[in-house]
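> Could you have a look at this structure, given as structure tokens, before my questions?
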4 protein chains.
Amino acid sequence: MSGKAFARERLIRFSDCDPAGIVFYPQYFVMFNGLVEDWVDEGLGIGFRTLVIERRIGLPTVRLEADFRAVSQMGDRVELSLQVERLGSRSLTLDSRCTSADNGQLRMQMRQVLVTTSLESHQAVEIPHDVREAIERLHGRT
Amino acid sequence: MSGKAFARERLIRFSDCDPAGIVFYPQYFVMFNGLVEDWVDEGLGIGFRTLVIERRIGLPTVRLEADFRAVSQMGDRVELSLQVERLGSRSLTLDSRCTSADNGQLRMQMRQVLVTTSLESHQAVEIPHDVREAIERLHGRT
Amino acid sequence: MSGKAFARERLIRFSDCDPAGIVFYPQYFVMFNGLVEDWVDEGLGIGFRTLVIERRIGLPTVRLEADFRAVSQMGDRVELSLQVERLGSRSLTLDSRCTSADNGQLRMQMRQVLVTTSLESHQAVEIPHDVREAIERLHGRT
Amino acid sequence: MSGKAFARERLIRFSDCDPAGIVFYPQYFVMFNGLVEDWVDEGLGIGFRTLVIERRIGLPTVRLEADFRAVSQMGDRVELSLQVERLGSRSLTLDSRCTSADNGQLRMQMRQVLVTTSLESHQAVEIPHDVREAIERLHGRT
């Protein structure tokens, strides 16, 4: 898809960092999980809480590839962004990046496949119609 | 001290919550740790990163008392606030609260004693002069 | 109560520590949460998973007081222990300690009030009979 | 390399799980980070703490690919295992798996490239000789 990315700035906090003074790498995935929440809330206008709690739709990750290019340190301001690379019938592929908000340096990059599932059965379900439309509206049609 | 509290809003995220669907209680302390960072950065204007990394001053907690009054759920907007209750020579006592940003309901309340330490020796040191002055400016003199 | 404490050893891991190279204090509460699980599983013989998932009983913390006496560093072996200080009708008070497994040095100490709740209503319920009996068997009657 | 894998069992804890009641996926990376510590300590006999704190050698991840095949739930016992797939001059590739300790079901699988770095300069350095020898002894020569 060719539309614009969804992005948010974030401060690297003390609690994100390890004894080497840099972001503990699993914490990047926690940060991107928060970005997906903001994207569903503010980018797509769907409401993450409504999706998960009322509609009982989950978005588990089934595959990811990540490259860690440069370290992020406590106090850094970073930009987290995501773009929809592929929109399938029951899954979507996100291309996410963490860059320095100061100089644009790429810190970490990830390709992630999410599946829409029923939180009752943990089985994959069709991407809901309103979610699909909102994605196409925001990021453009494939 | 009688001055105003320092406060920030925050969204309760999926990653803050446990299998009961509510904030996992240790996560409140992670949130308040972030509030202390913001307070040092934005409230006191000292720069948390500078304080910790360049000046090698730490702010470990030596004592806390916390009461959990009501649960917070994913998607809730909460207000985290802190007030300086006591400013000693090498320690300070914070009175922190988490309330619902929607209706003001008290969720959690904490009294926390922090000590200024040297990150080289892990020993207590005097609260730096500029930090003390900034606290008195923001929160009022005892 | 006067019976013996329930204790487990644990290694302080890289992921428990902060940029100062010592345990990030909220992580102590995560460790003690794990100790409570082991206590319910192995000390009381009740089965934590059964209690929470099948019987839908939660054990939220409503109050805690903690003192941090000495730092724990990556690679330290610590002993986590808990003793039941008070067994009420819907709540229990635990006295927990983290000490060095090498020399017994007290690192952190906590008094914590837990309430048995229904995970459906989030309301307090009576401590189940089998849980009460198992506590009295392990730790002695008040 | 063709030698045996290094493996450890672990209980899936309440604190590993998300509001859907299953392991929050970044937590798998925290668990595998712990496995690498145990491998360096007990498998290689090098001492993770000595390596990181005294010798100032870090093992940051520069690339990973992960597939999440089935969910793990609170109370599950899992086996975490790692095998060295490739041993380079400054990097090594680990093939890690999380399987059910009850029935062997594959839960999650990861290929991860780690680089040995100086914690002073954050630059890559040669894999220390004793580490290389210990790896070849445990896992076999390529």
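No value in this document is a laboratory result; all are computed from the given coordinates. Everything quoted here is computed from the prediction, not taken from an experiment. Neighbour counts are summed over all protein chains in view; Cβ atoms, including those assigned to glycine, are modelled from backbone coordinates with ideal geometry.
> Can you pull out the GluC sites (Glu not before Pro) in segment C:93-142 that DSSP calls coil and that have at most 15 other Cβ atoms within 10 Å?
Those satisfying the criteria are C:Glu120, C:Glu126.
> Shape verdict for the protein assembly as shown, please, from the Cα gyration tensor: rounded (a/c under 1.5), prolate (a/b greater than b/c) or oblate. Walk me through the numbers on the way to the answer.
On the way: a/c = 1.15, a/b = 1.14, b/c = 1.01.
Rounded shape, in that the Cα axes give a/c under 1.5.
> Quick one: label points 7 angstrom along Cα→Cβ at C:Gly47, distances to the other copies in nm, smallest first?
Distances to the matching label points in the other copies: 3.8, 4.4, 5.8 nm.
> If you count, for every residue in C:5-17, the Cβ atoms of partner chains within 10 Å of its Cβ, what is the mean?
Counting Cβ atoms of other protein chains within 10 Å of each residue's Cβ and averaging gives 4.
> Between copies, how far apart are the D:Arg132 label points? List them in nm, one decimal, shortest first, with each point 7 Å from Cα toward Cβ, please?
Listed shortest first, these distances are 5.5, 5.6, 6.7 nm.
> Between D:Pro60, D:Pro128, D:Pro26, find the one with the highest GNM mean-square fluctuation for chain D; connect C-alpha pairs within less than 10 Å.
D:Pro26
> Right, something else. Using the crude model of +1 on Lys and Arg Cβ and -1 on Asp and Glu Cβ, and no other charge, please compute the dipole size for the protein assembly as shown relative to its Cα centre, in debye to 20.
On the way: 72 positive and 80 negative charges, 0 e Å.
About 0 debye.
> Just the ratio, please: alpha-carbon radius of gyration of segment C:1-101 over 2.2 N^0.38 Å, N its number of residues.
1.14
> Mind checking D:27-33 for the average number of partner chain beta-carbons within 10 Å of each residue's beta-carbon?
5
> To make sure I understand, if each residue's beta carbon is the centre and we count other beta carbons within 10 Å, what order do C:Ser72, D:Ser15 fall in, fewest to most?
Taking fewest neighbouring Cβ atoms as first place, the list is D:Ser15, C:Ser72.
> Once amide H atoms are built 1.01 Å from N in the peptide plane, which residues 5 or more positions from C:Glu85, or in another chain, come under 5 Å H to H?
Amide H neighbours of C:Glu85, under 5 Å, 5+ apart: C:Thr93, C:Leu94, C:Asp95.
> Tell me what chain B gives for mean residue ellipticity at 222 nm when only DSSP H runs of n ≥ 4 count, each as -39,500 (n - 2.57), the sum divided by the residue total, rounded to 500 deg cm²/dmol.
Taken over chain B, the calculation gives -5000 deg cm²/dmol.
> Further question on the same structure: What gaps in nm, shortest first, separate C:Glu65 from its twins in the other copies when you place the label 7 Å past Cα toward the beta carbon?
So the label point of C:Glu65 gives 0.6, 5.6, 5.7 nm to the other copies.
> Quick one: helix B:129-139 against the long Cα principal axis of chain B, what's the angle to the nearest 10°, folded into 0 to 90?
The two axes meet at around 40 degrees.
> Axis carrying A onto C: which residue of A has the nearest Cβ, and how far, whole Å?
Checking which Cβ lies nearest the axis yields A:Pro19, 3.
> Spelling out what I want: for every residue of segment C:3-20, take phi, set θ = phi - 60°, compute 6.51 cos²θ - 1.76 cosθ + 1.60 (Karplus), and round to whole Hz; glycine and proline get x.
Result, rounded to whole Hz: x, 6, 7, 9, 9, 9, 8, 8, 8, 7, 9, 3, 6, 7, 9, 9, x, 7.
> Quick one: what are the phi-derived ³J(HN,Hα) couplings along segment C:66-80, Karplus 6.51/-1.76/1.60 with θ = phi - 60°, whole Hz, x for glycine and proline?
Ordered by residue, 3J(HN,Hα) equals 9, 10, 9, 9, 8, 7, 10, 10, 3, x, 5, 9, 10, 10, 9 Hz.
> Using only atoms on other chains, find how many Cβ atoms lie within 10 Å of each Cβ of peptide D:67-77 and report the average. Present the calculation step by step, with values, prior to reporting the outcome.
Working: counts 6, 7, 2, 1, 4, 0, 4, 7, 9, 1, 0.
Average neighbour count from other chains, rounded to a whole number: 4.
> So, in nm, how far is label A:Arg137 from label B:Ala70 when the simple model puts each one 7 Å beyond its Cα toward the Cβ?
Reported label-point gap for A:Arg137 and B:Ala70 is 3.3 nm.
> Rounded to whole Hz and in sequence order, give me ³J(HN,Hα) for segment B:102-112 from the Karplus expression 6.51 cos²θ - 1.76 cosθ + 1.60, θ = phi - 60°, writing x for Gly and Pro.
7, 10, x, 4, 6, 9, 7, 9, 8, 10, 9
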